[in-house]
1. Does segment 1-11 hold any residues that are surrounded by 14 or more Cβ atoms within 10 Å (Cβ to Cβ) and of a type in the set (Gly, Ala, Ser), and which are they?
2. What are the residue pairs meeting all of these: first residue in segment 122-134, first residue at negative phi and assigned to a helix (DSSP H, G or I), second residue modelled with pLDDT under 90 and acidic (Asp, Glu), Cβ atoms under 7 Å, and 6 or more apart or on different chains?
3. Of the conditions (1) assigned to a helix (DSSP H, G or I); (2) farther than 26 Å from ILE15 by Cβ; (3) in contact (Cβ under 8 Å) with a residue 12 or more places away in the chain, PHE99 satisfies every one except a single condition; which number is it?
4. Taking the stated definitions as given, is THR55 open to solvent by 50 Å² or more (accessible area, probe 1.4 Å) and within 30 Å of SER130 (Cβ to Cβ)?
5. Restricting the search to segment 39-82, which residues are within 17 Å of VAL17 (Cβ to Cβ), of a type in the set (A, V, I, L, M, F, W, C) and in contact (Cβ under 8 Å) with a residue 24 or more places away in the chain?
6. Can you name the residue in segment 12-37 that is open to solvent by less than 40 Å² (accessible area, probe 1.4 Å) and in contact with a Ser or Thr (Cβ under 8 Å, 6 or more places away or on another chain) and, of all such residues, is farthest from LEU132 (Cα to Cα)?
7. Return the pairs, sorted by first residue and then second, in which the second residue is open to solvent by 30 Å² or more (accessible area, probe 1.4 Å) and charged (D, E, K, R), the first residue lies in segment 23-37 and is at negative phi and assigned to a helix (DSSP H, G or I), the beta carbons are less than 7 Å apart, and the residues are 6+ apart or on different chains.
8. Any idea which of (1) more than 30 Å from HIS68 (Cβ to Cβ); (2) surrounded by fewer than 11 Cβ atoms within 10 Å (Cβ to Cβ) is the one LEU102 doesn't satisfy?
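The values are calculated or read from the model by the stated rules, or taken from the named source; none is laboratory data. Values in this document were obtained by computation on a predicted structure and should not be read as measured data. Cβ atoms come from the backbone with ideal geometry, glycine included; neighbour counts cover every protein chain shown. SASA here: full protein model, heavy atoms, side chains in, ligands and nucleic acids out. Shrake-Rupley method; radii C 1.70, N 1.55, O 1.52, S 1.80 Å.
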Amino acid sequence: MGDVWAWLLFFFIIIGVIVMVVFQLMCLADLEFDYINPYDSASRINKVILPEFITQGVLSLLFLLTGHWIMALLSIPYLYYNFTLYNRREHLIDVTEIFNMLNREKKKRLFKLGYLMLFLFMSLFWLIYSALEDDDHFA
(Lines give C-alpha, C1' and ligand atoms only; values in the text may rest on other atoms or scores of the structure.)
Protein backbone atom coordinates (compact mmCIF):
# COMPACT_ATOMS: atom_id res chain seq x y z
CA MET A 1 0.00 0.00 0.00
CA GLY A 2 2.95 2.28 0.61
CA ASP A 3 3.96 2.09 -3.03
CA VAL A 4 0.56 3.43 -4.08
CA TRP A 5 0.93 6.38 -1.72
CA ALA A 6 4.43 7.04 -3.02
CA TRP A 7 3.22 7.08 -6.64
CA LEU A 8 0.31 9.31 -5.67
CA LEU A 9 2.78 11.74 -4.07
CA PHE A 10 4.99 11.62 -7.18
CA PHE A 11 1.97 12.25 -9.38
CA PHE A 12 0.96 15.40 -7.50
CA ILE A 13 4.55 16.70 -7.33
CA ILE A 14 4.86 16.29 -11.10
CA ILE A 15 1.56 18.13 -11.57
CA GLY A 16 2.97 20.94 -9.40
CA VAL A 17 6.08 21.22 -11.57
CA ILE A 18 3.91 21.17 -14.72
CA VAL A 19 1.82 24.01 -13.32
CA MET A 20 4.98 26.07 -12.73
CA VAL A 21 6.24 25.47 -16.28
CA VAL A 22 2.82 26.27 -17.80
CA PHE A 23 2.71 29.48 -15.75
CA GLN A 24 6.08 30.47 -17.21
CA LEU A 25 4.82 29.70 -20.72
CA MET A 26 1.71 31.80 -20.12
CA CYS A 27 3.83 34.74 -18.96
CA LEU A 28 5.98 34.44 -22.10
CA ALA A 29 2.88 34.24 -24.31
CA ASP A 30 1.40 37.30 -22.59
CA LEU A 31 4.65 39.14 -23.22
CA GLU A 32 4.67 38.08 -26.86
CA PHE A 33 1.17 39.47 -27.41
CA ASP A 34 1.88 42.66 -25.40
CA TYR A 35 -0.56 41.90 -22.59
CA ILE A 36 2.17 42.44 -20.01
CA ASN A 37 5.34 44.51 -19.86
CA PRO A 38 8.79 42.88 -19.85
CA TYR A 39 9.57 43.77 -16.24
CA ASP A 40 6.42 42.16 -14.86
CA SER A 41 6.84 39.10 -17.04
CA ALA A 42 10.47 38.58 -16.04
CA SER A 43 9.76 39.09 -12.35
CA ARG A 44 6.82 36.65 -12.41
CA ILE A 45 8.86 34.00 -14.21
CA ASN A 46 11.91 34.49 -12.00
CA LYS A 47 9.78 33.97 -8.87
CA VAL A 48 8.85 30.41 -9.89
CA ILE A 49 12.14 29.23 -11.40
CA LEU A 50 13.87 28.30 -8.15
CA PRO A 51 10.78 26.58 -6.69
CA GLU A 52 10.58 24.57 -9.94
CA PHE A 53 14.24 23.54 -9.62
CA ILE A 54 13.86 22.65 -5.94
CA THR A 55 10.67 20.66 -6.53
CA GLN A 56 12.31 18.70 -9.34
CA GLY A 57 15.30 18.00 -7.09
CA VAL A 58 13.05 16.78 -4.29
CA LEU A 59 11.18 14.56 -6.75
CA SER A 60 14.45 13.01 -7.96
CA LEU A 61 15.56 12.47 -4.38
CA LEU A 62 12.25 10.82 -3.53
CA PHE A 63 12.63 8.50 -6.51
CA LEU A 64 16.03 7.47 -5.14
CA LEU A 65 14.88 7.08 -1.55
CA THR A 66 11.89 4.94 -2.47
CA GLY A 67 13.91 2.69 -4.76
CA HIS A 68 12.28 3.60 -8.06
CA TRP A 69 15.54 3.41 -9.96
CA ILE A 70 14.25 3.74 -13.52
CA MET A 71 12.31 6.90 -12.75
CA ALA A 72 15.34 8.25 -10.86
CA LEU A 73 17.56 7.57 -13.86
CA LEU A 74 15.06 9.22 -16.19
CA SER A 75 14.93 12.30 -13.99
CA ILE A 76 18.70 12.80 -13.99
CA PRO A 77 18.94 14.64 -17.37
CA TYR A 78 16.31 17.19 -16.33
CA LEU A 79 17.95 17.61 -12.95
CA TYR A 80 21.38 17.99 -14.56
CA TYR A 81 20.03 20.57 -17.01
CA ASN A 82 18.55 22.62 -14.17
CA PHE A 83 21.79 22.29 -12.19
CA THR A 84 23.94 23.52 -15.09
CA LEU A 85 21.58 26.44 -15.73
CA TYR A 86 21.87 27.41 -12.07
CA ASN A 87 25.66 27.07 -11.98
CA ARG A 88 26.09 29.16 -15.13
CA ARG A 89 23.67 31.74 -13.70
CA GLU A 90 21.46 31.38 -16.78
CA HIS A 91 18.37 30.30 -14.87
CA LEU A 92 16.88 33.78 -14.43
CA ILE A 93 15.40 35.83 -17.25
CA ASP A 94 17.02 39.19 -17.92
CA VAL A 95 14.51 42.01 -18.40
CA THR A 96 16.62 43.76 -21.01
CA GLU A 97 17.13 40.63 -23.13
CA ILE A 98 13.71 39.03 -22.78
CA PHE A 99 12.48 39.99 -26.25
CA ASN A 100 15.64 38.70 -27.91
CA MET A 101 15.42 35.40 -26.02
CA LEU A 102 11.64 34.95 -26.24
CA ASN A 103 11.57 32.13 -28.79
CA ARG A 104 14.44 30.29 -27.12
CA GLU A 105 12.82 30.57 -23.69
CA LYS A 106 9.49 29.32 -25.03
CA LYS A 107 11.17 26.34 -26.71
CA LYS A 108 13.03 25.47 -23.52
CA ARG A 109 9.82 25.45 -21.53
CA LEU A 110 7.91 23.51 -24.17
CA PHE A 111 10.63 20.87 -24.11
CA LYS A 112 10.42 20.78 -20.31
CA LEU A 113 6.64 20.46 -20.55
CA GLY A 114 6.93 17.52 -22.95
CA TYR A 115 9.47 15.82 -20.67
CA LEU A 116 7.22 16.36 -17.66
CA MET A 117 4.17 15.04 -19.50
CA LEU A 118 6.12 11.85 -20.18
CA PHE A 119 6.88 11.66 -16.47
CA LEU A 120 3.23 12.29 -15.64
CA PHE A 121 2.01 9.45 -17.84
CA MET A 122 4.68 7.10 -16.52
CA SER A 123 3.84 7.89 -12.91
CA LEU A 124 0.13 7.48 -13.65
CA PHE A 125 0.86 4.08 -15.20
CA TRP A 126 2.89 2.97 -12.18
CA LEU A 127 0.24 4.36 -9.82
CA ILE A 128 -2.47 2.28 -11.49
CA TYR A 129 -0.19 -0.76 -11.72
CA SER A 130 0.71 -0.53 -8.02
CA ALA A 131 -2.95 -0.09 -7.03
CA LEU A 132 -3.98 -3.15 -9.03
CA GLU A 133 -1.06 -5.15 -7.67
CA ASP A 134 -2.02 -4.24 -4.09
CA ASP A 135 -5.62 -5.14 -4.89
CA ASP A 136 -4.51 -8.63 -5.93
CA HIS A 137 -2.77 -9.15 -2.60
CA PHE A 138 -5.98 -8.37 -0.69
CA ALA A 139 -8.16 -10.70 -2.78
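1. Within segment 1-11, just ALA6 meets the criteria.
2. As it stands, the answer is SER130/ASP3, since those pairs meet every condition given.
3. Result: PHE99 fails condition (1) only.
4. No.
5. Correct list: ILE45, VAL48, ILE49, LEU50, PHE53, VAL58, LEU59, LEU62, PHE63, MET71, LEU74.
6. Out of the qualifying residues, it is LEU31.
7. Hits for this filter: LEU25/LYS106; CYS27/ARG44; LEU28/LYS106.
8. So the condition that LEU102 fails would be (2).
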